[in-house]
1. Determine if region 183-193 includes at least one residue that is under 21 Å from the mean Cα position of the chain (by Cα), part of a helix (DSSP H, G or I) and either among the hydroxyl-bearing types (Ser, Thr, Tyr) or assigned by TED's automatic domain parsing to the domain that holds Lys382 (or both).
2. Can you say whether Ser105 is over 22 Å from Tyr136 (Cα atoms) and either of a type in the set (Ser, Thr, Tyr) or free of Cβ contacts under 8 Å to residues at least 60 places away in the same chain (or both), as far as the supplied structure shows?
3. Somewhere in region 58-73, is a residue free of Cβ contacts under 8 Å to residues at least 60 places away in the same chain and within 26 Å of Ala167 (Cβ to Cβ)?
4. Can you confirm whether Ala204 is of a type outside the set (Asp, Glu) and either without any contact (Cβ under 8 Å) to a residue 40 or more places away in the chain or outside the structural domain of Gly69 (by TED's automatic domain parsing) (or both)?
5. Counting only residues that are surrounded by fewer than 19 Cβ atoms within 10 Å (Cβ to Cβ), modelled with pLDDT under 90 and within 30 Å of Gly205 (Cα to Cα), how many does region 92-147 have?
6. Could you go through region 400-407 and let me know if any residue there is under 18 Å from Ile264 (Cβ atoms), surrounded by 21 or more Cβ atoms within 10 Å (Cβ to Cβ) and aromatic (Phe, Trp, Tyr).
7. Checking the conditions here, which among Leu446, Leu360 is surrounded by fewer than 21 Cβ atoms within 10 Å (Cβ to Cβ), at pLDDT below 90 and over 20 Å from Met323 (Cβ atoms)?
8. Residue check, Ala251 against (1) without any contact (Cβ under 8 Å) to a residue 12 or more places away in the chain; (2) touching an Asp or Glu at 6+ places or on another chain (Cβ under 9 Å), all met but one. Which one?
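The values are calculated or read from the model by the stated rules, or taken from the named source; none is laboratory data. If you're wondering where the values come from, they're calculated on a predicted model, not measured in any experiment. Cβ placement follows ideal geometry from the backbone for every residue including glycine, while neighbour counts extend to all protein chains displayed.
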Amino acid sequence: MDMLKDSCKKSLVVFSIPMILSLLTQQFYNICDTLIVGRLLGADMLSAVGNAGTIINITTIVCGGFELGGQMLFSEAVGRKNYGVIKKGVCQMLIFSTFTAVLISTGAIFFRNEIFSAIRLPEELYAATGRYFVLYMAGILFLFLQSISNSAILAMGDSKSILILSAASSVINIVLDYCFIRFWGMGTEGAALASVIAQMAGMAGSGYILRKRLKTLPEDQEPVSKGLLMRILGISIPSMFQQFALTFGGALMQTLINSFGTEISNGYVVVQRVTSFGLMPVIGLAQSLSVFGSANRGAMQYKRIGEATRFVMVLTIGYIVIMDADFLWKPGSVVSLFLKEAECPEGFLFACHYLSYSVLAYLLTGVEYLMESLLRGFGRMKLFLMTTLVFLVLNIGLAWILAEILGTNAIWISNMTGRLAVAILSSALMVYVYCKEKKIYIDKSLIYE
């Protein structure tokens, strides 16, 4: 598949389907991992793994930032046919990621007790959480290296290999997870060891595929410009700030939710799970559009970007309308998959109301995700970060202000207000960026003619 020459619709469909399936595969693994640990080790050990996972997720934000930065720069290089950027950039990022992973891993392991104290982890969970945390962080280097390889593979238009690697890693993880705990009597360290081995296998597989693909790239006639690492970090660092802001914002919102009681908190957890799972196809489409936009921007094919955006927008809105219809028609059937009404009536009712009243918010979220993905694809990371901060200020600020007046209704009202503002803002910014760059390209073309 050639994102620069093939039909826009064909390119996006062929590229996005494996992306979406990869995301769903990861969700499936998370569910299986939770079931295995919870059923075989009990609630306390599940809590230990969950607390360790919360800390690990914060550290891997750095890993995700590196992957996004490499992916955007490498996609643009594909469009410009500047393949030396990919070859040299991958080498630099692998070295830099190795150093960063070792630094993060060493620091996290050394100061783990201080971290556990900061998150108010119950003392009785220190030992189990520590065993999982130390072993997982010791192997986090494999995750960093795999992410860099994946970023280059995706930039070259190969999402099928990423799906295969994701599926294989998940199967290895689930099988080893069960065997280590069920048959070999290992505790939380068994779950961590399974994850590390799966990540090691994923790193080896992605490294092998990347090496084969790099060998097929032609040699550049032009020398590669300096500062590749700084250009990648210029994209990565704002992305990290964005993820840290979302994590911090989520903690603030959870604090407000907890003030309404345990049942409302349980209902909000259900809402988050349903929303994250339901929007997976939209996230996959947005990521695909970002790679497509970056590559075609590098090739100065702005017409193809416009055509692709309209096509993905139609797919996104169509999918969300179907999802919204389910939420409006029978929200209880969705919520009951996670929460029993008889056991948690208040939380059940809150989750049903939230899903029903947020149908417009989900449409706005789809528009926002697509526009923000294009801002990333165009390398406008400061604008991308700005839209995230605007949403967090409106969403969290309004929720806290209105909570005393509107109660739990403030949660979905503030979310819809934030989504509306950011959908408009991100769309306006993207239209401005697109028109500005397209005009510059046309003006240059006229001068050369």
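1. The first filter runs over region 183-193 and keeps only residues under 21 Å from the mean Cα position of the chain (by Cα), leaving none.
The answer is no; no qualifying residue exists.
2. Values: over 22 Å from Tyr136 (Cα atoms): no; either of a type in the set (Ser, Thr, Tyr) or free of Cβ contacts under 8 Å to residues at least 60 places away in the same chain (or both): yes.
Taking the combined requirement at face value, the residue does not satisfy it.
3. Initially, region 58-73 is screened for residues free of Cβ contacts under 8 Å to residues at least 60 places away in the same chain, giving none.
Checked region 58-73: no residue is free of Cβ contacts under 8 Å to residues at least 60 places away in the same chain and within 26 Å of Ala167 (Cβ to Cβ).
4. Values: of a type outside the set (Asp, Glu): yes; either without any contact (Cβ under 8 Å) to a residue 40 or more places away in the chain or outside the structural domain of Gly69 (by TED's automatic domain parsing) (or both): yes.
Judged against the criteria, Ala204 is a match.
5. Adding up the residues that qualify gives 1.
6. No: zero hits.
7. On the way: Leu360 fails: over 20 Å from Met323 (Cβ atoms).
That would be Leu446, the only listed residue that is surrounded by fewer than 21 Cβ atoms within 10 Å (Cβ to Cβ), at pLDDT below 90 and over 20 Å from Met323 (Cβ atoms).
8. (2)
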